[in-house]
Structure formats: C-alpha cells, structure tokens
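Written below as structure tokens is the structure these notes are about.
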Amino acid sequence: MNVKNCRKCGRIFNYMGGPPICQACLEKQEEQFQTVKAYIRENRDATVAQTAEACEVDVNQIKQWIREERLELSSTEGAEIVCESCGTPILSGRYCDKCKREMANGLNASIKKPEMPKPEVKKERPGEGMHFLNRK
Ligand SMILES: [Zn+2]
Ligand SMILES: [Zn+2]
C-alpha cells in the first residue's frame, strides 16, 4: 500500500497516483475550480491576482490550472503566464504556439543541448600526422 502525506493539508492518505493530494482536498480544489471558472466567465478581464482574491484561491493554484490548460487567460497583458521555453506571454499551457510547433517538429531536441559532448573533436587520430615525418 502506498501512503503519502497530502501536499495541501499534510494528512496521511492512501496514494492512488496523480498529484499527492488527499480526496478531501481534491474535492475542495475541484469546488474552487468551479468557482474560479464561474468568476472568469462573468469577469473576462480579471487578472490572475484579482481572480485569486475574489475566489479566495491561491494565485499559484490558478496559475497551475492555466498551465494545465484547464483555464485560459483572456489577455496576455501583465504577462502572468509566460512560455517556459522562450518567455513569451501566453494565455494558457506551458509553451507558446511557436515553441509548441517547434517541439512538434522535433526541433526542441536540438535547441535543448546542455553541454553536448563532442567525441569527434577529442579524437586525435594518432599516427596520421606522424606518418609524413617518419617517411625518411
Ligand atoms: Zn488533504
Ligand atoms: Zn515560446
């Protein structure tokens, strides 16, 4: 049996996979989500901070929903959510359309290369340069 501490309330619960949150907190979160959704429907121009305050929901929670694409901002003004790859303001999700497209094309593999080892450069091919000198 897999037992975890709830990330929200700290209570120990039977972990079934997904986010480490107990059933009670999950239900509460879902309730909050519905509140936020209803609020946004009525207040299209509300910022994340305004929504959080009006619905008494944590700002980070709202941002998480936006990242999960459960919510979408009506405007990128204020740039509260930016592309994790290039920093462009986006309405929802984790990446802007451009980065998403590049990722779909498989280009992100070549963009993200932290210290690619270059084995070719280190190989010195011994003998080849010496051959000429040793001819005599
Ligand atoms: Zn909990
Ligand atoms: Zn981007």
May I ask you to verify whether M16 is farther than 30 Å from T88 by Cα, aliphatic (A, V, I, L, M) and either free of Cβ contacts under 8 Å to residues at least 12 places away in the same chain or out of contact with any strand residue (DSSP E or B) (no Cβ under 8 Å at 6 or more places or on another chain) (or both)? yes
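Can you confirm whether I66 is within 16 Å of ligand 2 (Cβ to nearest atom) and of a type in the set (A, V, I, L, M, F, W, C)?
yes
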Looking at E84, E77, E53 in this structure, which one is part of a loop (DSSP other than H, G, I, E, B) and either modelled with pLDDT under 80 or more than 16 Å from ligand 2 (Cβ to nearest atom) (or both)? E77
Mind checking which residues of the range 16-51 are surrounded by fewer than 16 Cβ atoms within 10 Å (Cβ to Cβ) and within 16 Å of ligand 1 (Cβ to nearest atom)? M16, G17, G18, P19, P20, Q23, A24, L26, E27, K28, E30, E31
In the list K37, K63, which residue meets the criterion of being over 20 Å from the mean Cα position of the chain (by Cα), among the basic types (K, R) and at pLDDT below 95? K37
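The values are calculated or read from the model by the stated rules, or taken from the named source; none is laboratory data. Every value quoted in this text rests on a predicted model; they were computed, and no experiment measured them. Reconstructed Cβ throughout: ideal geometry from the backbone, glycine too, with neighbour counts over all protein chains shown.
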